[in-house]
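Reviewing the structure listed below.
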Protein chains: 2
Amino acid sequence: MRAYQSLVDQFTRLNRLAHASTFLGWDQEVMMPPGGAESRAQAMAELHQLQHEMLTAPQLGDWFAEAQQQTLSADEQASLREMHRQWLQASCLPSDLVQAQSLASSRCSHAWREQRGKNDWQGFLSNFKELVNLSRQEAKARMDAADGAFDTPYDALLDLYSSGDTSTSIGKVFDGLKAELPELINTVIERQRRRPHVDLSGHYPVASQEQLSREVMKLLGFDFNNGRLDISSHPFSTGVRGDHRITTRYNEDGFIDALMGTVHETGHASYEAGLPEAWNGLPVGEARSMSIHESQSLLFEKQLLLSQPFVRYLTPMIQRHFPALKEVDNDEFWHAMTHVQRGFIRVDADEVTYPMHIVLRYEIESKLINGEMEAEDIPDAWAEKMHDYLGLDTRGNYKDGCLQDIHWPSGAFGYFPSYTLGALNAAQLFAAMHRDMEDLDAHLGRGDVTPLRQWLGEKIWSKGSFLSSEELMTQATGETTNPEYFIRHIRSRYLEG
Amino acid sequence: MRAYQSLVDQFTRLNRLAHASTFLGWDQEVMMPPGGAESRAQAMAELHQLQHEMLTAPQLGDWFAEAQQQTLSADEQASLREMHRQWLQASCLPSDLVQAQSLASSRCSHAWREQRGKNDWQGFLSNFKELVNLSRQEAKARMDAADGAFDTPYDALLDLYSSGDTSTSIGKVFDGLKAELPELINTVIERQRRRPHVDLSGHYPVASQEQLSREVMKLLGFDFNNGRLDISSHPFSTGVRGDHRITTRYNEDGFIDALMGTVHETGHASYEAGLPEAWNGLPVGEARSMSIHESQSLLFEKQLLLSQPFVRYLTPMIQRHFPALKEVDNDEFWHAMTHVQRGFIRVDADEVTYPMHIVLRYEIESKLINGEMEAEDIPDAWAEKMHDYLGLDTRGNYKDGCLQDIHWPSGAFGYFPSYTLGALNAAQLFAAMHRDMEDLDAHLGRGDVTPLRQWLGEKIWSKGSFLSSEELMTQATGETTNPEYFIRHIRSRYLEG
């Protein structure tokens, strides 16, 4: 057991340093005054360097070789596999490449903040080409290190966020969406035009929104002895076992966005809180991937919160916090919360149009990384796909087109698919739990999420990283990610209501 | 420059890890939900271990030897001296002693929390004797390592908190207090009996107290772009350059305690914010000692806030936040804020009686560490001194006697004198700045603390650890710590008003 135990000890120490980075990161977004930025950046960089040194220490290679010869239980083998995965991801890149990427990413994303506002595609391109070039090198190096595990360089980047999903599986799934969703969007919007417009404009004080958020979080099973809700400019979820911190932001012109954001992050936090306690602090005890994580947050936000039985349950609660809404009925709330609209901006998109924003980005970035497209060609490809998928004209409008997201300017290629894989998995999991529990809707209609949490806890949360994404989905639902459940969900919610 | 620069690099890295410990510690007291305690304790222990490993790394001894041969500027020599001081303090103890102390201190302080409530001196003694024994070993080891720098073992512990102050200098200073203060206390209390009682009892909402605190902090020069005010169960001050965090606590039955606490911590934070920027992150750029730190907080709290011109200035501000007090005049506020009373409990003591609590502790702990007294003898010594210095009978009342403070149960011997050295230094500094600036009271009466801050910034804050405590006091005031200024301050405030 020597080598395996040495690895466990090393990863446990690493996890304790990661604890420090986690809460310093939270503090930076939520608490830190502006004057703290400089020393915080230095401390974070020091911690990251220490963690990188620990994760790539020369003795680890020997320990892995030795541990692979040891007699280990099945759980320990999985634990070893996940430690090895993190080690390989950290150690397979030449350090001059990592440094060059870090510089190029800082330069490109920093300049992008201004260039986006100025619609300056040419200026952006001059930095971005170098970043693409370095990301291609990264993808190639990761592919080579993985010894045939990846079919394309892009797959090696995908694996960082959606471990287990490949461009083959994603391509098939996204083809399914492309075949049905654009037409479905037309039908949904056409149908919505015929229903009366609901106007919820008014003044919603932050204090009341926060009280509503906390009440809904408790209802969804969030334990405030083991976590906090705070405010930050971009909502996020972070923390460790026993200390789950989510943030939201409030706009006093409406309450729906903050509520949906809070519920979304509560889904993320619930997954984290449900991870296997016995493996806390080790890679195999961590959440599987971004695409599974996003399935939990979207299941809470889209499947659960936006379901008609749940909105019916919430209506008196909303009215209690906002007495001016006492004449609004639950159908009207539900209509306001499920309004569908085509738009340029991904982060503002509703659940029906959102996947097409992702398919577009996936098709472009996979070609870009695999060398089948050049950065110069992005605007034309963007305009063409935007027209085909959402019927919108973005020619010349880079600001609201290919310059809108921070992912590419910071070099995070391979991340986008996890959003939509998450949405599809959420629909598929929700369908499966309905098959397993006939009375689920009755529970949800009473505001009782216990069976939903138990089902997810057993099928997803408690599995940590013991299973691949595909195994997780198959064991929970009987099949790998299948876009049909999402399509059915959209049809049922928006066309059959 | 190789060795000196290597030391600078090592201490800079250390400082970045200390940044992490600082803000995780703040978070723990101010933000962390109960569920986070376990993983936070592990992360903090890991960080401390890493810092200890960095500070005692084998190459440091060689670097110090080599750097002492280098040609360095006077500032660099001071910087080297302070790095060496921290290194020696960390590396001069055998690691089995450190471990035994850590265990004994946890055991003793943990049990003390219950034993204090039960007045259980005998139970406490059974753990405490071992802790005293280990602290004596520590003191001896530190004395031996310092190569003749300390006259007694206790001096080696004193040096951890009040660098530059010795039992010879403190003994002389405290003898001065003993000769005058007990009689002075009698006179002050006698005189106070003759003035009318001021009753400020009422309801003081937390929100209004907080607004008042923030307004007073701003008035005193606290910059909220570079810091925060929060709530914790015990007020404290922490942070780094550019991010100074202070805490207070509110009791809705009164506003004076929270206000005095906030102003006290603002004094600490002002010192930290005024440290020499060019030496940020290195030991010589840090605050000199606890006795100088406490002089800054007490100068803000006692000399400044409780001065009659300043209370006069604050009166309308207080009345604006608490309209029920609009009939109270500034003399009545001042009387309520400067009420003197003998009591058993150090932390509740006013500035007049407080020093006698410290003299008593100093006399006991110095004998204890130097082996001139045994732990068994503490209660008798306590009762005798309490009777002599404050005229109070504490026989058999351990709870409100020698069991009241956390310092001894946690093994922090040598800390107590810094509180009263701070009070004496505060009075002496305030007297010196009045000599230097004739119109100071006029400024304070207008709520203008700029000249006070400039004087302290120049004489104390900007000096970091370049000077010893004695040099700091001598350069600022013309002499080393002299209790006469404190005695004069008490006479002037309480007998001549």
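Every number in this text was worked out from the coordinates using simple rules, so none of it is lab data. Because the structure is predicted, anything quoted here is derived from the model rather than measured. All Cβ positions, even for glycine, are placed from backbone atoms using ideal geometry, and neighbour counts span all protein chains on display.
Here are some notes:
- Under the convention that each Lys and Arg Cβ holds +1 and each Asp and Glu Cβ holds -1, the size of the dipole of region A:105-497 around its Cα centre is about 620 debye.
- Distance from region B:239-277 to region B:443-463 (C-alpha centre basis), Å: 16 Å
- Positive-pole candidate from B:T71, B:A37, B:Q89, dipole of region B:23-100, charges at beta carbon: B:Q89
- Residue-wise HN-Hα couplings along region A:102-110, as the Karplus relation 6.51 cos²θ - 1.76 cosθ + 1.60 with θ = phi - 60° gives them from phi, are 4, 5, 5, 5, 4, 4, 5, 6, 5 Hz; Gly and Pro carry x.
- Peptide packing: for B:149-160, B:387-398, A:32-43, A:438-449, the average count of neighbouring Cβ atoms within 10 Å per residue gives the ranking B:149-160, A:32-43, B:387-398, A:438-449, highest mean first.
- Computing FRET efficiency as 1/(1 + (r/R0)^6) for A:Q341 and A:A141, where r is the C-beta to C-beta distance and R0 is 60 Å, gives about 0.90.
- Placing unit charges on each Cβ (+1 for Lys and Arg, -1 for Asp and Glu) gives chain A a dipole about its Cα centre, and among A:S237, A:L424, A:H335 the Cα reaching farthest toward its positive end belongs to A:H335.
- Averaged over the residues of A:220-228, the number of partner chain Cβ atoms lying within 10 Å of the residue Cβ comes to 2.
- Of all DSSP-defined beta bridges confined to chain B, some 50% are antiparallel rather than parallel.
- Rg ratio (alpha-carbon, reference 2.2 N^0.38 Å) - region B:2-91: 1.33
- Within 10 Å of each Cβ in B:235-241, the average number of Cβ atoms from other chains: 2
- Annotation: average projected area of the protein assembly as shown is 45.1 square nanometres, based on the convex hull of Cα atoms across all directions.
- Violating pairs (Cα-Cα greater than 22 angstrom) within the set B:K178/B:K399; A:K178/A:K459; B:K172/B:K367; B:K129/B:K178: B:K178/B:K399; A:K178/A:K459; B:K129/B:K178
- Protection proxy ranking, highest mean first, for peptides B:200-210, A:426-436: A:426-436, B:200-210, where packing is the per-residue count of other beta-carbon atoms within 10 Å, averaged.
- Efficiency of FRET between A:E372 and A:M317 - r from beta-carbon atoms, R0 51 angstrom, step 0.05: 0.50
- Karplus-derived 3J(HN,Hα), 6.51/-1.76/1.60, for each residue of region A:162-179, Hz, glycine and proline x: 10, 3, x, 8, 10, 5, 5, 5, 5, x, 5, 4, 5, 4, x, 5, 4, 6
- Size of electric dipole in the protein assembly as shown: Cβ of Lys, Arg +1 and of Asp, Glu -1, about Cα centre, debye, nearest 20: 1100 debye
- Simple point charges give the picture: +1 on the Cβ of Lys and Arg, -1 on the Cβ of Asp and Glu, and for region A:208-268 a dipole about the Cα centre of about 260 debye.
- Calculated FRET value between B:T168 and B:Q475, using beta carbons and R₀ = 22 Å, to 0.05: 0.55
- Only helical runs count toward this figure. For the protein assembly as shown, summing -39,500 (n - 2.57) over DSSP H runs of n ≥ 4 and dividing by all residues gives -20500 deg cm²/dmol at 222 nm.
- Packing here is the average count of other Cβ atoms within 10 Å per residue, and on that basis the peptides B:162-173, B:311-322, highest first, run B:162-173, B:311-322.
- When both bridge partners sit in the protein assembly as shown, DSSP labels roughly 50% of those beta bridges antiparallel.
- Fraction of beta bridges assigned by DSSP in region A:124-251 that are antiparallel (%, nearest 5): 45 percent
- Contact order relative to length of chain B, as percent, for alpha carbon pairs under 8 angstrom and 6 or more apart: 20 percent
- For region A:477-488, Karplus couplings with θ = phi - 60° (6.51, -1.76, 1.60), whole Hz, Gly/Pro x: 10, x, 7, 6, 3, 10, x, 4, 5, 5, 4, 4
- Between identical copies, the spacing of A:K172 label points, each set 7 Å from Cα toward the C-beta atom, reads 8.9 nm from nearest to farthest.
- Remark: mean inter-chain Cβ contacts per residue of A:4-16 equal 2, using a 10 Å Cβ-Cβ cutoff to other protein chain atoms.
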